[in-house]
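Every number in this text was worked out from the coordinates using simple rules, so none of it is lab data. Computed from a predicted model, the values in this text were never measured in an experiment. Here Cβ is always computed from backbone atoms with ideal geometry, including for glycine, and neighbour counts include all displayed protein chains.
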Amino acid sequence: MASDLLLISDLHLGSHLKPRMRGESVHLASRIEDVFGRFMDHYQRQGPWQLVINGDFIDFWNVELAGSANMPAESLAVARLHAVLDAHPNVEAGLQDFLTAGNSVLFVTGNHDAELLYPRVRAALVARLTPAQDQSSSRTTDLTNLAALGAGRIRFVRWFLRDPGGAWIEHGHTFDPSCATQALLSPTRGGELVQTVAEVATRSFASLMPEIDYDAPDKFSGMDYVRWALARGWRFVIRVVLLYLRTAGRILALWAGPGRVDREGKQIHAARLAKVAANAGLQMSALTALEKMAPPPTATTVAGLLGITFLDHVLLVLALGTAGLVAGRFVGMWWLGTLVGTALAVVLLARKHRRKRPRNVARDMLEVAAGVGEVTGVPLVLMGHSHHGSLERLGEVVYANSGSWLDGSHLVVRRDASGDRFASVELRRWRNGGVLALKQMDVPQPRAGLPSELVATVVPP
């Protein structure tokens, strides 16, 4: 009989491995080392389990290695993996013991650990966690039946996993435009993973700013960055402006080049999408509907590009200021025209920000989950990415988010007595060496028409 599921996500291991880092980030890494082993031991005693690490296990974006400038992309990713696990020996040991005890582990790829799509990275991870295991588990990201995932085994999923027991599992970043790329099933260009706007911004700006909160890029608006910089003095503002200009330039370069999908990439994606639909027992129309539900990646649209870089604000000020200058010259008061035009731009931007709904990834993903359940016919949608643990029901769809394990959030999904379907889901929090049950919900019966086996809809890159 298939085991119950234990879901965690967003550990972001290795986020402290860069030259300039806030002390609290180093402290957080130390706390993970202290706590993770006890967490795994607690659940190991209640097993067996199928552990689903639902994305962002390793934070490849934030790992900086000396002397790595000219390394090939896949080799660099392998080196980063080893650096992270070397820095977290207790996490590695906890997973090794968990696997040795007869549990299995499924890695779902997130946006911060898309490097798991590289075959050598998967092979290195399997070798570190299960040295005696057959490396065939890392050569492909296919999986047709989670119940057949044997004790002590590891498998990988790139996009989503659809369970006949009534669950849909994915990290969720494909619905976040700054963290998504076009042609999901064709992730590489010239052998290298396509970067997202969020990754470029993290590497070019946030990683070089130890003064900024770790999750600021996920919640800051343009005006938030302005206020944050001004509060630290003009000398700091100059440094921020220079970094911003460099970051904006790199995002523009991403939009002009590898962020956009070429014809070959689109063809590969289309062919693999058809295979994914067949494997998952879904109509192509269902996967097409899922793709349309996701907003276009920021790197592929002019509006998204201008908004994410704050250039829409800059261009509006320049345009109205210039228009005021031209108009003012006709009456011999160019300075007044420039002032009026600039003031008008500021007023328009202020009104725009008052009307704009603040970005809320957790709320957006809740709305998306209901759509995913309706389109795919599953009653339980399990995600991560938002860092906000939640358990909600919208109509006939239950949405559960494992949150960030950094604050102890995780999910336990129980099967019914037959093991054929998921019966309940519980949001829990690991706190002070014990488990706090936050919320529990029964899972509705799956709608008719689901396939008879579990399918992970992934093909190797």
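Which ordering of Thr109, Thr288 is given by a fewest-first count of other beta-carbon atoms within 10 Å?
Values: Thr109 26, Thr288 14.
Listed from fewest to most nearby Cβ atoms, that is Thr288, Thr109.
How would you order 381-387, 31-37, 181-187, 332-338 from highest to lowest mean count of nearby Cβ atoms within 10 Å? Mind dumping the intermediate values first?
Numbers: 381-387: 27.7, 31-37: 17.3, 181-187: 21.4, 332-338: 14.6.
Ranked by mean Cβ neighbours within 10 Å, highest first: 381-387, 181-187, 31-37, 332-338.
Could you give the distance between the Cα centres of the range 391-410 and the range 174-213, to the whole Å?
Taking the Cα centre of each part, the range 391-410 and the range 174-213 sit 25 Å apart.
Please give, to one decimal in nm, the separation of the simple spin-label points placed at Glu367 and Arg239, each 7 Å out from Cα toward the Cβ.
3.8 nm
Between Arg120 and Leu436, what is the label-to-label distance in nm when each label sits 7 Å out along the Cα-to-Cβ direction?
Each label point lies 7 Å from its Cα, and together they span 4.4 nm.
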